[in-house]
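Data first, discussion second: the structure below is written as structure tokens.
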Amino acid sequence: MTQRLLTAAFAASVALLAGGASATDLEVTHWWTSGGEAAAVAELAKAFDATGNHWVDGAIAGSGGTARPIMISRITGGDPMGATQFNHGRQAEELVQAGLMRDLTDVATKEKWKDIVKPASLLDSCTIDGKIYCAPVNIHSWQWLWLSNDAFKKADVDVPKNWDEFVAAAPALEKAGIVPLAIGGQPWQASGAFDVLMLAIGGKDTFLKVFGEKNAEAAAGPEIAKVFKAAEDARRMSKGTNVQDWNQATNMVITGKAGGQIMGDWAQGEFALAGKKAGTDYTCLPGLGVTEVIATGGDAFYFPLLKDEAKSKAQEVLASTLLAPATQVAFNLKKGSLPVRGDVDLATANDCMRKGLEILKKGEVIQWTDQLLSADSQKQKEDLFSEFFANPSMTVADAQKRFVDIIASAD
């Protein structure tokens, strides 16, 4: 089905869904504030507005680490929004256990989410004690190395095909005045880069043993020592980035000021907004060109319990709208992520998105750290790697020792 037909079909269905009801304003909080993210979230707002309701945008700048405490504080403080973004996983676990979040099981059953959401682990991450508490909207995979073709041309070296070739090309990039690897100053970027290196260098089994089984002995072992050596290379290569936000680091790759960036597939939204073409202007290496496995992490919307009946009804409409075929296509093409539905047409997907779809089709997927670790354990890990990347005097041995302590006490 073409995009035009999907859009027409969706418009007809939501008109029926609205049923002539009066418009209801629903505040939706999220941390999508970069150019590419704003373009994507506008598609969600447009789809919801088409139901006869109104999306009141509650964007919070500063990425998830800044936004989540604000969102949680509002919900626990008695000032809940209509819906809020979290990464599907364990970030809203305590809010659900406190009875502050809405059970979406009836909506999910009516809409047959268990049949359409693929892989099943996405909906599993929304499920607590057999009840569904969130609507997943995308599959966001962290495991990508984005490379500037122009930067490597300027440095007179071939575009790397894997992590080792990228490390080997770093001196040539530096000689040409180019920062080899852009990593912004936000703690989650450093932590995420390490996790990607863990999966690529350590392999799937080691990754799951450490983060899934919380095996401290494995975390102290030689395989993880290799990962820390790669992280040390990444720290050296990222010297001179001097930006804070992730999209600023992405822009360094877009403009050829940096050779590459380890970042999730949401970076594609920035490349698209800049008019850059995958395979021509930039190259993408899933799994850093080493271990082609992608995570089934991503974004989901949770719905706080509300006393207002009209807003509660609008919550149901929004949950349904988020997983509608046309919404899934429009949003994910702008966001650079993969849809949670396996039955939608992505004929216009670019080369990088196609690589991700092919990996997904092969079943080479893994749960990510948002799903495997509690928010507290994640924060400890972020603090460690933020310090590691910012402080060259921290040795690999010292960092690994602290990492082992985090895994030993992780939940």
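When segment 35-72 is examined, which residues are found to be charged (D, E, K, R) and more than 14 Å from the chain's Cα centre (by Cα)?
GLU43, LYS46, ASP49, ASP57, ARG68
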Residues that are open to solvent by less than 10 Å² (accessible area, probe 1.4 Å), more than 19 Å from the chain's Cα centre (by Cα) and at pLDDT below 95: does segment 14-34 have at least one? yes
Taking only segment 258-277 into account, find how many residues are open to solvent by less than 10 Å² (accessible area, probe 1.4 Å) and farther than 21 Å from ASN87 by Cβ. 4
Might you let me know whether segment 238-260 holds any residue that is assigned to a helix (DSSP H, G or I) and more than 30 Å from ALA61 (Cα to Cα)? no
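In the set THR66, THR33, THR29, which member is of a type in the set (Ser, Thr, Tyr), closer than 21 Å to VAL329 by Cα and in contact (Cβ under 8 Å) with a residue 12 or more places away in the chain?
Matching residue, one of THR66, THR33, THR29: THR33.
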All but one of (1) at pLDDT below 90; (2) over 30 Å from PHE228 (Cα atoms); (3) of a type in the set (Ser, Thr, Tyr) hold for THR321, so report the exception by its number. (1)
Out of segment 209-224, which residues are of a type outside the set (S, T, N, Q), over 10 Å from MET198 (Cα atoms) and open to solvent by 40 Å² or more (accessible area, probe 1.4 Å)? LYS209, GLU213, LYS214, GLU217, ALA220, PRO222
Among the listed residues THR283, THR296, which satisfies the condition of being in contact with a strand residue (DSSP E or B) (Cβ under 6 Å, 6 or more places away or on another chain), touching a residue at least 24 places away in the same chain (Cβ under 8 Å) and open to solvent by 20 Å² or more (accessible area, probe 1.4 Å)? THR283
Tally time: how many residues in segment 89-143 are open to solvent by less than 40 Å² (accessible area, probe 1.4 Å) and assigned to a helix (DSSP H, G or I)? 10
Just need a number here: residues in segment 233-247 that are more than 14 Å from PHE194 (Cα to Cα) and either out of contact with any strand residue (DSSP E or B) (no Cβ under 9 Å at 6 or more places or on another chain) or of a type in the set (Ser, Thr, Tyr) (or both). 5
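Looking at SER377, SER337, SER393 in this structure, which one is more than 24 Å from THR206 (Cα to Cα), touching a Ser or Thr at 6+ places or on another chain (Cβ under 9 Å) and polar (S, T, N, Q)?
SER337
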Hey, can you tell me all the residues within segment 35-56 that are modelled with pLDDT under 95 and either under 12 Å from VAL317 (Cβ atoms) or surrounded by fewer than 19 Cβ atoms within 10 Å (Cβ to Cβ) (or both)? GLY35, ALA38, ALA39
Pair list, Cβ under 9 Å, 6 or more apart: segment 327-338 residue on the phi > 0 side of the Ramachandran plot, other residue aliphatic (A, V, I, L, M): GLY336/ALA40; GLY336/ALA267; GLY336/ALA272; GLY336/MET353
In segment 190-208, how many are farther than 22 Å from PRO392 by Cα, open to solvent by 10 Å² or more (accessible area, probe 1.4 Å) and among the hydrophobic types (A, V, I, L, M, F, W, C)? 1
Of the criteria (1) under 29 Å from LYS361 (Cβ atoms); (2) at pLDDT 95 or above; (3) open to solvent by less than 30 Å² (accessible area, probe 1.4 Å), which one ASP164 fails: (3)
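The values are calculated or read from the model by the stated rules, or taken from the named source; none is laboratory data. Values in this document were obtained by computation on a predicted structure and should not be read as measured data. Cβ: placed from backbone, ideal geometry, glycine included. Neighbour counts: every protein chain shown. SASA here: full protein model, heavy atoms, side chains in, ligands and nucleic acids out. Shrake-Rupley method; radii C 1.70, N 1.55, O 1.52, S 1.80 Å.
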